[in-house]
Amino acid sequence: MKILKLLYELGSLNVSEVARRIGSNFAATSEHLKVLEAEGILQELTYGRVRMYRFNEASAKAKAVKSLIEAWEQNK
């Protein structure tokens, strides 16, 4: 959930920046991001050797996750 909330708030980030901000290592973060991409929630954009991740705006799952985060934030 930390990864999803972070990308919701900031838009798109590379793997290293996601790992740094959530306090995880690169390998574990990369695997989590790949799973979220495989499920269609995130989209990977590659610029040379840099992989950027963001929500997949065309995905119904991504829209549902974003709605969940918005509802959670409103009820804090």
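Using the structure shown, decide if Tyr8 is surrounded by 13 or more Cβ atoms within 10 Å (Cβ to Cβ), closer than 24 Å to Glu73 by Cα and out of contact with any Lys or Arg (no Cβ under 9 Å at 6 or more places or on another chain). Working first, answer last.
On the way: surrounded by 13 or more Cβ atoms within 10 Å (Cβ to Cβ): yes; closer than 24 Å to Glu73 by Cα: yes; out of contact with any Lys or Arg (no Cβ under 9 Å at 6 or more places or on another chain): no.
Answer is no for this residue.
Report yes if Ser24 is assigned to a loop (DSSP other than H, G, I, E, B), modelled with pLDDT of 95 or more and not hydrophobic (A, V, I, L, M, F, W, C), otherwise no. Don't jump to the end; show me each part of the working.
Numbers: assigned to a loop (DSSP other than H, G, I, E, B): yes; modelled with pLDDT of 95 or more: yes; not hydrophobic (A, V, I, L, M, F, W, C): yes.
So Ser24 fits the description; yes.
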Practice item. Return the residue satisfying two criteria in turn: it lies in the stretch 28-67 and is surrounded by 15 or more Cβ atoms within 10 Å (Cβ to Cβ) and basic (Lys, Arg), and of such residues it is nearest to Leu10 (Cα to Cα). Key: Arg54
Practice item. Confirm whether Leu13 is under 18 Å from Met1 (Cβ atoms), part of a strand (DSSP E or B), of a type outside the set (Asp, Glu) and at pLDDT 95 or above. Key: yes
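The values are calculated or read from the model by the stated rules, or taken from the named source; none is laboratory data. Here the structure is a predicted model, which is why all the values come from computation and not from measurement. FYI the Cβ positions are ideal-geometry reconstructions off the backbone, even for glycines, and counts take in every protein chain you see.
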